[in-house]
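Asker: Input: one structure, supplied below.
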Amino acid sequence: MTTHSFARAVTALVLFTTWGSVQASGSATVDVTASVSAVCQFSGTMSAIAFGAIDPSAVAGDLTATGNITYKCTKGTTPTVSITGGASRTMTDAGTGNTIPYSLAMGTHDTGTGFSASAAATKVQATATISQTNAQDAKAGTTYKETVTLTINN
Amino acid sequence: MKSAPALIAGFASLLLAVAAYGQGSPPGGGGPPGGVAGCSFDAGGITGLNFGTLDPSSGTIVTATATLMVGNCGAGRTMSLSIDNGRRGNRTMIRDGGNELIAYSLSAPTFSPGTADGPGIGAYKPATFTGTVMPGAYMDAVAGVYRDLLVVTVTP
């Protein structure tokens, strides 16, 4: 009997000694947050859209020329490249003042792949068109040209 | 069957143990290191680790600092803080509604310019730590809000 009660007392002491020696600690939670923005930027050198030499006597249909507009966007973001800034869609020959109307259309926009060096290149192809009639009736000129301003929005 | 004297003896020993424990470590902290009452955080004094807006086109290293008010324990104690590795165990934020991750790293918490000495019962002092996101971690990230949750522990 005495042995049993002693064992119980020892057990109680051990339990409390263990409890008392544990270093209590407090804890707190900290939220970690960040927001990745959707952005797009033109990149690289814009290629000119060149029709080359036009021989009005040999035009058999509408003339088209294309150029790639390259850009980078936040991964997964698809931009819209639009024509802004007063383009009249008329090329003018600086020497003679003669003009040739044309139209300009954007193709499918690649979805953004990010901004790292290893991110795949992305672009939209622009197609300029001179109608067959306008090409056939064009007046002679050295260099017909227009500068178009583009804007990229995400 | 146990005899009454044996039960009483056991109960008395148990009471003695409780009494001895209670004297050694008063509630609320302030006792010597090793006592059960530890330091704690002021829940109202915790700021999140908010990296703000990460612009993938910028390619800059982004840092943010979190502050926690910790104390409520006596000057005889040296507070030590540890931070876990977040919800995925690798210190990454995950995009809301997605599974993309952005990795970040953390500095060790410091009490600078103060010390790690306990400020006393009912008093708290600021501890800070800094998080860093490297450009490569977010330049190709999908747009959205990213989150993680850290658990910071103070000992004792």
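Asker: For the range B:56-84, give me the residue count where each residue is more than 30 Å from B:Gly122 (Cα to Cα) and more than 11 Å from chain A (Cβ to nearest Cβ).
Answerer: 3
Asker: Which of the residues belonging to the range B:109-156 are more than 7 Å from chain A (Cβ to nearest Cβ), in a loop (DSSP other than H, G, I, E, B) and in contact (Cβ under 8 Å) with a residue 24 or more places away in the chain?
Answerer: Passing the criteria: B:Pro109, B:Phe111, B:Ala116, B:Gly118, B:Pro119, B:Met134.
Asker: Also: I need a count of the residues in the range A:29-49 that are modelled with pLDDT under 95 and over 22 Å from A:Phe115 (Cα atoms).
Answerer: So the count comes out to 2.
Asker: Then there is this: Mind counting the residues in the range B:38-82 that are within 22 Å of B:Phe111 (Cα to Cα), among the hydrophobic types (A, V, I, L, M, F, W, C) and surrounded by fewer than 19 Cβ atoms within 10 Å (Cβ to Cβ)?
Answerer: 3
Asker: Condition test on B:Pro113, is it closer than 17 Å to B:Met79 by Cα, surrounded by 15 or more Cβ atoms within 10 Å (Cβ to Cβ) and not aromatic (Phe, Trp, Tyr)? So that I can check it myself, show each step before the final result.
Answerer: Working: closer than 17 Å to B:Met79 by Cα: yes; surrounded by 15 or more Cβ atoms within 10 Å (Cβ to Cβ): no; not aromatic (Phe, Trp, Tyr): yes.
Here the answer is no, as B:Pro113 does not meet what is asked.
Per-residue answers, yes or no, for (1) within 14 Å of another protein chain (Cβ to nearest Cβ); (2) surrounded by fewer than 14 Cβ atoms within 10 Å (Cβ to Cβ); (3) out of contact with any strand residue (DSSP E or B) (no Cβ under 9 Å at 6 or more places or on another chain); (4) part of a loop (DSSP other than H, G, I, E, B):
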| position | (1), (2), (3), (4) |
| --- | --- |
| A:Asn68 | no, no, no, no |
| A:Lys72 | yes, no, no, no |
| A:Ile83 | no, no, no, no |
| A:Thr92 | no, no, no, no |
| A:Gly95 | no, yes, yes, yes |
| A:Ala117 | yes, yes, yes, yes |
| A:Thr127 | no, no, no, no |
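Asker: Something else: Specify which of the listed residues (B:Gly120, B:Gly97, B:Gly131) is modelled with pLDDT of 95 or more and out of contact with any strand residue (DSSP E or B) (no Cβ under 6 Å at 6 or more places or on another chain).
Answerer: B:Gly97
Asker: Just give me the residues in the range A:97-115 being within 14 Å of another protein chain (Cβ to nearest Cβ) and either without any contact (Cβ under 8 Å) to a residue 24 or more places away in the chain or surrounded by 18 or more Cβ atoms within 10 Å (Cβ to Cβ) (or both), in sequence order.
Answerer: A:Gly112, A:Thr113, A:Gly114, A:Phe115
Let's see how each residue does on (1) in contact with a strand residue (DSSP E or B) (Cβ under 7 Å, 6 or more places away or on another chain); (2) surrounded by 14 or more Cβ atoms within 10 Å (Cβ to Cβ); (3) modelled with pLDDT of 95 or more:
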| position | (1), (2), (3) |
| --- | --- |
| A:Ala12 | no, yes, no |
| A:Trp19 | no, no, no |
| A:Val22 | no, no, no |
| A:Ser57 | no, no, yes |
| A:Lys75 | yes, yes, yes |
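Asker: Another question about this same structure. Does A:Thr78 fit the bill of being in a strand (DSSP E or B), touching an Asp or Glu at 6+ places or on another chain (Cβ under 9 Å) and not aromatic (Phe, Trp, Tyr)? Write out each step before concluding.
Answerer: Numbers: in a strand (DSSP E or B): no; touching an Asp or Glu at 6+ places or on another chain (Cβ under 9 Å): yes; not aromatic (Phe, Trp, Tyr): yes.
Judged against the criteria, A:Thr78 is not a match.
Asker: Give the residues of the range B:85-96 that are facing chain A (nearest Cβ under 9 Å) and part of a loop (DSSP other than H, G, I, E, B), sorted by residue number.
Answerer: Within the range B:85-96, B:Gly86, B:Arg91 meet the criteria.
Asker: Moving to a separate point now. So how many residues does the range A:137-154 have that are surrounded by fewer than 16 Cβ atoms within 10 Å (Cβ to Cβ) and over 17 Å from A:Phe42 (Cβ atoms)?
Answerer: Matching residues across the range A:137-154 total 6.
The values are calculated or read from the model by the stated rules, or taken from the named source; none is laboratory data. Predicted, not measured: the structure shown is a model, and the values here were computed from it. Don't worry about glycine lacking a Cβ; one is built from the backbone with ideal geometry, like all the others, and counts go over all protein chains shown.
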